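Structure first, commentary second.
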Amino acid sequence: MSPRRTPSGGRIDRLRTIRFTFDGTAYAGHQGDTLASALLSNGVSLFGRSFKYHRPRGVLTAGIDEPNALVTVLRGDVREPNIPATMVEIYEGLVAVSQNRFPSLAYDVSAINQLGGKFISAGFYYKTFMGPVIGPLKGTRFWMLCEKIIRRAAGLGRAGNVPDPSRYERMNAFCDVLVVGSGPAGLSAAREAATSGARVILAELDPTFGGSANWSGETIDGEPAIAWASDIVGELRDHDNVRLLKRTTVWGYYDGNTLAAIERVGDHKATPAKGAPRHRHWTIRAKNVVLASGAFERPLVFAGNDRPGVMMASAAMRYANQYGVLPGDKIVVFANNDSAYSAAATLNKAGATIVAIADLRQDVSEDCRTLARECGAELLTGHAVIATEGAKKLAGVKLAAFSIAAGVLPGNARKIEADCLIVSGGWSPTIHLASQAGARPVWDDDLQAFLPPESGNGWYGAGGFNGTFSTADAILEGFAAGRKAAGQPEVEIGTAPDIEPAALDPRPAPVFEIKANGKAFVDYQHDVTADDVRLAHLEGFVSVEHLKRYTTLGMATDQGKGSNVPGLAIMAEAVGKPIPEVGTTRFRPPYAPVSVGSLAAERFGDLKPDRLTPMHDWHLENGATMYSAGLWHRPMIYGEPGETVEQAYVREAQTTRQAAGIVDVSTLGKIAVQGPDAAEFLDRVYTNLFSTLPVGKARYGLMLREDGLVFDDGTTWRLGDNDFLMTTTTANAGKVMQHLEYFLDVVWPELRVHLTSVTDQWAGAAIGGPRAREILAACVTGTKVDNEALPFMGIVHGEIAGAPVLICRLSFSGEMAFEVYSGSGHGTHVWEALIEAGEPFGMVPYGLEALSTMRIEKGHVTGAEIDGRTSARDLHLGWMLSKKKPFIGSAMMDREGLVASGRLELVGLISLDNRPLNGGAHIVAEIDTDNPHGSLGHITAACFSPALGKYIALALVSGGKARHGKRAHVSDPLRNRFGPVEIVSHHFFDPEGKRMHG
Amino acid sequence: MLITCPYCGPRDVSEFAYQGDGNRKRPDPASTDPETWNAYVYDRLNPAGAHNEIWQHAGGCRAHLAVVRDTLTHEVSSVRFAREHGAPTHGRRKSGAKA
Ligand SMILES: [Zn+2]
């Protein structure tokens, strides 16, 4: 009987039993258990199957660095895959399942992979799918063939596909000192900072504060470490300036001392508390950070090091001391350093037999010899484990003589029966956050580890993070770091606390791998072996970053927390360089996997605001079909029953040209340009002159970008000497505002001009058609609207149904037309009055489709033609380029490329086969459906023209005017539309403008 | 990343809109020298280190700010109103110089 619960001891509550299932089997554990400790206490040693070879795997660690024991937790239909069993707190009714096995964990058919030997060796994917494969199954196709098979065989847990019903939330926090980690160093730092009055946040990823104090079994000044820790936590709780966050992993360290953390609020509960989120994302801005994140014990790389029953020594100690669980009865210890000896002593005290201690070193300290003797273990110095035995769990180990210089020595191997092998290959400080913050770690030969620099820009380190492994020193370092982080002057550090038992020497022998026959794993989770690393080197991979990508070493969900340094050491040996010269990889966020839900939090679904015009409800009530134009909702058509879209817009446009129509133009960008230099400012930003515009008149204006290409167009109205109302296209309203603000603020700060966006303050209705003036006359009071009072481009103030309005006579449709602006609060009121006045004249409301149809008939340009590539001349707007003044874009608009012949110019097209044309279709001289080529340009906008009775389009075509009257073809392979067209002027309808001047 | 707007105080970068390389000086509008204009419109410095930039506090007071930012660390060492101080002050390249 191997792993089992001890009769006493540990931090679990034996009086509280919690029931759960794993792979359908019911188990019981206690309050305080993780899934890993509870399963071990039930004698379970097989937790999962490995990634590529489907080898049986147990649990290797007791914490967040667990690479093997990954499980999927089910809550109803919601699956949460790839969670380390060491991080799952059990709760009543927990349902967890193992991963990557078929049909069951115990009988897995894919385990045959490992018999096939080199089937999935290093770089398998690259070689198989990227390499030059000869024959019909070229790389990509071969991949598609194999993909399904491999995806089933290799991989981690399966993601769910039902919506996650959990709630997530985000918090922002500010503090003077953020302490990461609550072991003795972190607690000491937090206490010191809190006492000075600093605002402190203490974040601990485990459910209990205290870190190693929970399992070290030490006493601090005569008091059990755990009591020492809870005293300090109690003290911190009493401070108003301290926030304690448990189950909170700080996973990202960003610039400006901004840190990201995830708090697992509800994962340990059967049913979440009312209103509580599942996870809470924290954005913490800290003046200073104390990194007290501890260290990870590293595995040794040897054949069979992945068999269930092999465990890290510190993890075994933690299971015994914190969870009251013995990972085995007959335990062998395998180490290159002293720390495993205290684990051996702990396990022995808890009731296990320590059969033997194999130490890679010849020379072992007297302290260790005493510990070995006390726990009755046979001490084999200068020995290594060269193989492990057993099927799904460990049955024994093979030991051989070993020397650090020569490796495994020839001679007979010795077999020892054991159900548990605990391993220690030294310690790697958890420097991930410092590395994220830009710190360059330094290799330390004594500790055989990368250590962080003394401090960074905004952080101080303490304890195991610094490579300081004695609790007494960790507490002193925490004290100092807490003071510094809180901005307190340095003080003489008092005497070190008295720790029992005395600290052992943490320095390991420089051995990472024991070379022998059999698969020796470096990265357990991705099944990367020592041979894979060497193979990668043989194939020419010398950079660590390339090695990582090629072998996928350290790229699994554990991000190589245990495998990084051993992998580097094996690479260094292969390259023949010392480890620091091979380099280390820079750690990147997140430190541990983060739920996507916590990042999104409340921000999901449609995140865009809906912009509605003041007349929105009227449109809906009157049968409009709406569609979105950017953020705006605009009427497309006001369809009558049975009408198609085309029938509706044709009717609307036709009625407008015959009688009158009205359209909502509230979405146009509107900017108030005011001040003594307003006219001068407009002269600089528009290509044409505005200083000459009389008060009470409007003018069409064109803007270029600095590079000389067209930016935007619109009309600007002079309401007073120093008061202009600029309109922009709907799409560019924001961009134009920013453009104007930039020039006013950065380039011409001397101009006395003020800009105000008034888009939302005005409602706009444009009415056009032969009866438009009569309709206005019927409802406008306070002003005349005849040709004398309101000439083309004239502006008047008046009232409609008691509401003040501003009317400008300008035309986009080509008809006699007026834009009527009112305060947006009066928008619907004025609109309804206009509708009522228009009724006797047969006026209809029209939507964007009819608007677009009429503008195509008139050849007016919009965003489709002003596409960031066209010049004013391309659009036949060269007449608007003033020669009397410089303006934005004037210096660049005559560049060689912009005046070259053959540029795409605006033309009109008429469909000669009487079929519709499509935007985006190419124009070619001759059709070649098999091999479309020879584009002369493309269609920008198309419609059926009721005025011409034909399908027409605007297009940008090379040569432009020179092709008027010539035939060409549309070539649109995507929509399989080919056919003849005639190229004509873009002024299809009323080119002289008689109708609008009328 | 925080930018300390002289009006609004320290604000998150998400409130700001980047408005380009602050080393650019607009040529005399009357000038038609293609080299000068070309350098102004197209050449951008891309230093690894301190960089002069223009940021607009688009989600705040809308002022344009002359910001000196370290492109390696995102450390912002100076923020001033572009209106009062023109382009930021960390060095200045010769006009037309390629970088
Ligand atoms: Zn501001």
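The values are calculated or read from the model by the stated rules, or taken from the named source; none is laboratory data. Note that this is a predicted model, so its numbers are computed, not measured. Quick reminder, even Gly has a Cβ in these numbers, built from the backbone with ideal geometry, and neighbours come from all protein chains shown.
Each row is one residue, and each column tells you yes or no for (1) hydrophobic (A, V, I, L, M, F, W, C); (2) away from chain B (no Cβ under 14 Å).
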| position | (1), (2) |
| --- | --- |
| A:Lys885 | no, no |
| A:Met892 | yes, no |
| A:Glu896 | no, no |
| A:Ala900 | yes, yes |
| A:Leu904 | yes, yes |
| A:Ser911 | no, yes |
| A:Gly919 | no, yes |
| A:His922 | no, yes |
> Just checking, which of A:Val650, A:Val645, A:Val673, A:Val665 is touching a residue at least 24 places away in the same chain (Cβ under 8 Å) and surrounded by fewer than 17 Cβ atoms within 10 Å (Cβ to Cβ)?
Replying inline: A:Val645
>> Suppose the filter is aliphatic (A, V, I, L, M) and either more than 16 Å from the ligand (Cβ to nearest atom) or in contact with a Ser or Thr (Cβ under 9 Å, 6 or more places away or on another chain) (or both); does B:Val41 pass it?
In response: yes
> Considering only segment B:1-58, how many residues are of a type in the set (Gly, Ala, Ser) and under 22 Å from A:Gly897 (Cα atoms)?
Replying inline: 3
>> What's the total number of residues in segment B:5-27 that are under 24 Å from A:Tyr254 (Cα atoms), surrounded by 14 or more Cβ atoms within 10 Å (Cβ to Cβ) and away from chain A (no Cβ under 11 Å)?
In response: 6
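Would you mind stating whether A:Lys608 is without any contact (Cβ under 8 Å) to a residue 12 or more places away in the chain, in a loop (DSSP other than H, G, I, E, B) and surrounded by fewer than 19 Cβ atoms within 10 Å (Cβ to Cβ)?
Against the criterion (without any contact (Cβ under 8 Å) to a residue 12 or more places away in the chain, in a loop (DSSP other than H, G, I, E, B) and surrounded by fewer than 19 Cβ atoms within 10 Å (Cβ to Cβ)), A:Lys608 does not qualify.
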>> Under 7 Å between Cβ atoms, which residue pairs at least 6 apart in sequence (or on different chains) link something in segment A:699-721 that is within 14 Å of chain B (Cβ to nearest Cβ) and under 14 Å from A:Leu875 (Cβ atoms) with a partner that is at pLDDT below 95 and in a strand (DSSP E or B)?
In response: none
>> So, A:Asn288, is that one part of a helix (DSSP H, G or I) and touching a helix residue (DSSP H, G or I) at 6+ places or on another chain (Cβ under 9 Å) or not?
In response: no
>> Show the residue pairs meeting these rules: Cβ distance below 7 Å; 6+ apart or different chains; first residue within segment B:1-30 and under 11 Å from B:Leu65 (Cβ atoms); second residue within 10 Å of the ligand (Cβ to nearest atom) and among the charged types (D, E, K, R).
In response: B:Ile3/B:Arg11; B:Cys5/B:Arg11
>> Against the definition (among the hydroxyl-bearing types (Ser, Thr, Tyr), at pLDDT 95 or above and in a strand (DSSP E or B)), how does A:Thr283 come out, yes or no?
In response: yes
> If you scan segment B:49-78, which residues turn out to be within 16 Å of the ligand (Cβ to nearest atom) and not small (Gly, Ala, Ser)?
Replying inline: B:Glu53, B:Ile54, B:Trp55, B:Gln56, B:His57, B:Cys61, B:Arg62, B:His64, B:Leu65, B:Val67, B:Val76
>> For segment A:574-594, which positions are in a helix (DSSP H, G or I) and under 15 Å from the mean Cα position of the chain (by Cα)?
In response: none
>> Tell me yes or no: at least one residue of segment A:757-774 is within 14 Å of another protein chain (Cβ to nearest Cβ) and either of a type in the set (A, V, I, L, M) or closer than 30 Å to B:Thr36 by Cβ (or both).
In response: no
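Results for (1) more than 49 Å from the chain's Cα centre (by Cα); (2) surrounded by 23 or more Cβ atoms within 10 Å (Cβ to Cβ), shown as yes or no for each residue.
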| residue | (1), (2) |
| --- | --- |
| A:Leu806 | no, no |
| A:Gly827 | no, yes |
| A:Val830 | no, yes |
| A:Ala837 | yes, no |
| A:Met854 | no, yes |
>> Of all residues being more than 9 Å from chain A (Cβ to nearest Cβ) and touching a residue at least 60 places away in the same chain (Cβ under 8 Å) in segment B:70-81, which is surrounded by the fewest Cβ atoms within 10 Å (Cβ to Cβ)? Just the residue, please.
In response: B:Arg80
> In segment A:408-433, which residue that is modelled with pLDDT of 95 or more and small (Gly, Ala, Ser) is nearest to A:Ile354 (Cα to Cα)?
Replying inline: A:Ala418
> Can you find even one residue in segment A:910-929 that is touching a Cys at 6+ places or on another chain (Cβ under 9 Å) and either assigned by TED's automatic domain parsing to the domain that holds A:Trp831 or assigned to a loop (DSSP other than H, G, I, E, B) (or both)?
Replying inline: yes
> Can you find even one residue in segment A:933-940 that is touching a residue at least 24 places away in the same chain (Cβ under 8 Å) and surrounded by fewer than 17 Cβ atoms within 10 Å (Cβ to Cβ)?
Replying inline: yes
>> Here is a check on your reading of the model: is A:Ala648 among the small types (Gly, Ala, Ser), part of a helix (DSSP H, G or I) and more than 22 Å from A:Leu776 (Cβ to Cβ)?
In response: yes
> For A:Pro510, are the conditions met, namely being touching a residue at least 60 places away in the same chain (Cβ under 8 Å), surrounded by fewer than 20 Cβ atoms within 10 Å (Cβ to Cβ) and out of contact with any strand residue (DSSP E or B) (no Cβ under 7 Å at 6 or more places or on another chain)?
Replying inline: yes
> When residues of segment B:1-37 are filtered for being assigned to a loop (DSSP other than H, G, I, E, B) and more than 16 Å from the ligand (Cβ to nearest atom), how many remain?
Replying inline: 12
> Checking A:Thr61 against (1) β-branched (Val, Ile, Thr); (2) within 27 Å of A:Ser212 (Cα to Cα); (3) at pLDDT 95 or above; (4) over 31 Å from the mean Cα position of the chain (by Cα), which single condition isn't satisfied?
Replying inline: (4)
>> I'd like the full set of residues that are among the hydroxyl-bearing types (Ser, Thr, Tyr) and over 46 Å from the mean Cα position of the chain (by Cα), limited to segment A:361-404.
In response: A:Ser365, A:Thr370, A:Thr381, A:Ser403
